[in-house]
Amino acid sequence: MIWYLPGCTTTALHPEAAAKLKAYVMRDGMPEAPCCKDEDVSVLRDGDTVITCCTNCDLMLAERLPKVRIISVYEYLLGDPDFPWPDLGGRRMTLQDCWRERNNAAIQDAVRACLKKMNVSVIELPDDRERSTYCGVWLNTPITPANLKYAPKTFGEIRDKYLVLLSDVEKREKMQAYAENWPTQEVVIYCNGCERGVRLTDKTPRHMVELLAMRL
């Protein structure tokens, strides 16, 4: 069975766009998957596929349900011949890959393919794909109890190996310094943590969910 997981944080940050995308993906009766932090996710069975649009959901489900296939909504839409791709008229946007998806070539390729279909002129960064070290200030903020509870191996390793806690002032200074890497005003991201980091600068984040929903 194929399920769609719209993502609670993505929905909270982009309610209108997330609702439109959800309605489109689920238009033929596709069921909605339980939240990745629900106590009981047993409705998802081995061999099922879950379509996601959240990097945190990806990490959670990969540990909780290793025999469930996880694909991004970007991969899914590339296989949909009826999807109404918006035309951005060749607008130049910097693409910021996410540290959490640094080992996920499928989502990296799909995002770029979607941007090409939307006629976006993509500016690549030196620290792209597997070289990405960026996730906003996610790695400078305590891991949430729910993440540790339901995916203790994944988030315990992140906490012990990668987490460097910073104050709010230090976070803003770090993001403003990093923003010098972005040569355009608009920065494309596909991660909520990445987006929150961009919002600490004078640059404009463009979440893929927002871009995809423009003609829905």
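General remarks:
- Exclusive hit being out of contact with any helix residue (DSSP H, G or I) (no Cβ under 7 Å at 6 or more places or on another chain) and either under 24 Å from residue 36 (Cα atoms) or of a type in the set (Ser, Thr, Tyr) (or both), set 126, 152, 183: 152
- Of residues in the range 147-172 being closer than 18 Å to residue 194 by Cα and aliphatic (A, V, I, L, M), the one surrounded by the most Cβ atoms within 10 Å (Cβ to Cβ): 158
- Unique residue being modelled with pLDDT of 95 or more and touching a Cys at 6+ places or on another chain (Cβ under 6 Å) when the list is 156, 136, 197: 136
- Residue list for the range 193-215, filter: closer than 12 Å to residue 13 by Cα and of a type in the set (A, V, I, L, M): 209
- Checking the stated criteria, residue 89 turns out to be modelled with pLDDT of 95 or more, at positive phi and of a type outside the set (A, V, I, L, M, F, W, C).
- Only one entry in 33, 19, 23, 12 is within 15 Å of the chain's Cα centre (by Cα) and over 18 Å from residue 149 (Cα atoms), namely 12.
- Members of the range 109-161 found to be polar (S, T, N, Q) and out of contact with any Phe, Trp or Tyr (no Cβ under 9 Å at 6 or more places or on another chain), listed by number: 121, 140, 141, 154
- If only residues of the range 160-184 that are of a type in the set (Gly, Ala, Ser) and not in a loop (DSSP other than H, G, I, E, B) are counted, the one that is farthest from the chain's Cα centre (by Cα) is 177.
- Of all the residues in the range 1-50, those that are out of contact with any Pro (no Cβ under 6 Å at 6 or more places or on another chain) and within 23 Å of residue 196 (Cβ to Cβ) number 19.
- Residue ID - nearest to residue 184 (Cα to Cα), chosen from residues in the range 71-94 that are under 13 Å from the mean Cα position of the chain (by Cα) and without any contact (Cβ under 8 Å) to a residue 60 or more places away in the chain: 75
- When residues in the range 185-211 are screened for being β-branched (Val, Ile, Thr), under 22 Å from residue 169 (Cβ atoms) and assigned to a helix (DSSP H, G or I), 1 of them pass.
- Set side by side, the residues 128, 58, 97 differ, and just one is surrounded by 18 or more Cβ atoms within 10 Å (Cβ to Cβ), within 24 Å of residue 196 (Cβ to Cβ) and without any contact (Cβ under 8 Å) to a residue 40 or more places away in the chain, which is 97.
- Answer residue from the range 10-55, given it is in contact (Cβ under 8 Å) with a residue 12 or more places away in the chain and β-branched (Val, Ile, Thr) and is surrounded by the fewest Cβ atoms within 10 Å (Cβ to Cβ) among those: 49
The values are calculated or read from the model by the stated rules, or taken from the named source; none is laboratory data. Because the structure is predicted, anything quoted here is derived from the model rather than measured. All Cβ positions, even for glycine, are placed from backbone atoms using ideal geometry, and neighbour counts span all protein chains on display.
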